[in-house]
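S.K.: Below you will find the structure I want to go over with you.
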Amino acid sequence: MANFGTHISVAAGSGCVLALGGWHLGLWTPWQAWPLMLLTTLGGIMPDIDSDHSHSVRLVFGLLAFISTASAAWLLQARLDFGYWLMACAATYLMVRYLLAPLFKRFSVHRGVWHSLLAALFVAWTGSALSHGVLGQPAWLAWTHGTALLLGCLVHLTLDEVYSVDLEGMRLKRSFGTALKLFDYDRPWRAVVLLLLMAAMLPWLPSWQSLAAVGEQWLALWPQ
Ligand SMILES: [Zn+2]
């Protein structure tokens with residue numbers, strides 16, 4: 001059944017295939033490959049983060065807190081004195097873990113807009129924008145990071161659709177056809193909010209030409 005364990009192992013497996021496959025084909029180095037595996041796994045649990053008591057929520061926000069703290073530590077290292085730097089890192093962790101997570105829970109509905117193709121795209125864009133705009137990764141790699149997240153989300157939605165069960169695997173849901181949806185049809189304004197956020201993200205994304213170049217490079221590898 002597509003419970004939490006299934007989601008995370010299938011996503012990790014898909015991440016391995018992507019990371020190792022691309023490495024084998026010479027698309028990236030081993031050092032660039034392992035974050036792709038992690039991102040695919042993270043993408044694979046993202047759609048369930050809006051269920052208030054799931055493992056996914058704890059794991060995703062734990063992971064997000066860790067990644068944000070590590071990024072803040074790295075970015076602020078040269079700019080702040082040790083004491084302030086330490087406080088900034090602690091503040092980042094506490095903010096994500098104890099402010100962002102409860103806020104997110106408060107405003108989301110399980111299997112709402114978060115569990116949709118639109119949200120999958122939103123997660124992918126966020127990953128690419130952060131990777132390029134904040135962490136300064138090259139455009140092609142930032143798009144690849146986004147693609148890994150997207151792949152994970154798509155694997156999750158497909159699995160849920162295939163199994164049509166609740167994330168904890170406890171009961172069958174009358175949910176067939178609700179997993180792979182474009183957006184939350186019952187609450188369209190949430191989709192509008194996501195679209196507005198995505199529009200706001202546009203300046204932070206790597207160039208579209210670089211995305212096209214990545215696509216062409218991948219297509220060229222396809223057996224003719
Ligand atoms: Zn799900």
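S.K.: Order these peptides, 191-200, 146-155, by their mean beta-carbon neighbour count within 10 angstrom, highest first.
M.R.: 146-155, 191-200
S.K.: I would also like to ask the following. For the chain, build the charge dipole from Cβ charges (+1 Lys, Arg; -1 Asp, Glu) around the Cα centre, then report which of 148, 66, 12 sits farthest towards its positive end.
M.R.: 66
S.K.: Could you tell me the relative contact order of the chain? Use alpha-carbon pairs under 8 Å, at least six residues apart, and round to a whole percent.
M.R.: After rounding, I find 27 percent.
S.K.: Suppose every K and R has +1 on its Cβ and every D and E has -1 on its Cβ; what is the size of the dipole of the chain about the Cα centre, in Debye to the nearest 20?
M.R.: 340
S.K.: Let me ask something else about it. Can you sort 49, 8, 67 so the residue with the fewest Cβ neighbours within 10 Å comes first?
M.R.: By the 10 Å Cβ count, ascending: 67, 8, 49.
S.K.: Over all directions, how big on average is the projection of the convex hull of the alpha-carbon atoms in segment 53-107, in square nanometres?
M.R.: Value for segment 53-107: 3.7 nm².
S.K.: Could you list log10 I(q)/I(0) for the chain at q = 0.13 Å⁻¹, which the Debye formula gives when each Cα is one point scatterer?
M.R.: -0.81
S.K.: Additional query: Taking the highest mean first, how do the peptides 10-23, 207-220 order by number of other beta carbon atoms within 10 angstrom per residue?
M.R.: The densest-packed peptide leads the list: 10-23, 207-220.
S.K.: Next up: Hey, in the GNM for the chain with a 10 angstrom Cα cutoff, which one of 26, 62, 127 fluctuates hardest?
M.R.: Ranking 26, 62, 127 by mean-square fluctuation puts 26 first.
S.K.: Cut-off is 10 Å between beta-carbons; in what order do 131, 9 appear when sorted fewest neighbours first?
M.R.: 9, 131
Only the coordinates and a few stated rules stand behind these numbers; no lab work does. As the structure is a prediction and not an experimental result, all values here were calculated from the model. Using ideal geometry, Cβ is built from the backbone for each residue, glycine included, and neighbour counts are taken over all protein chains shown.
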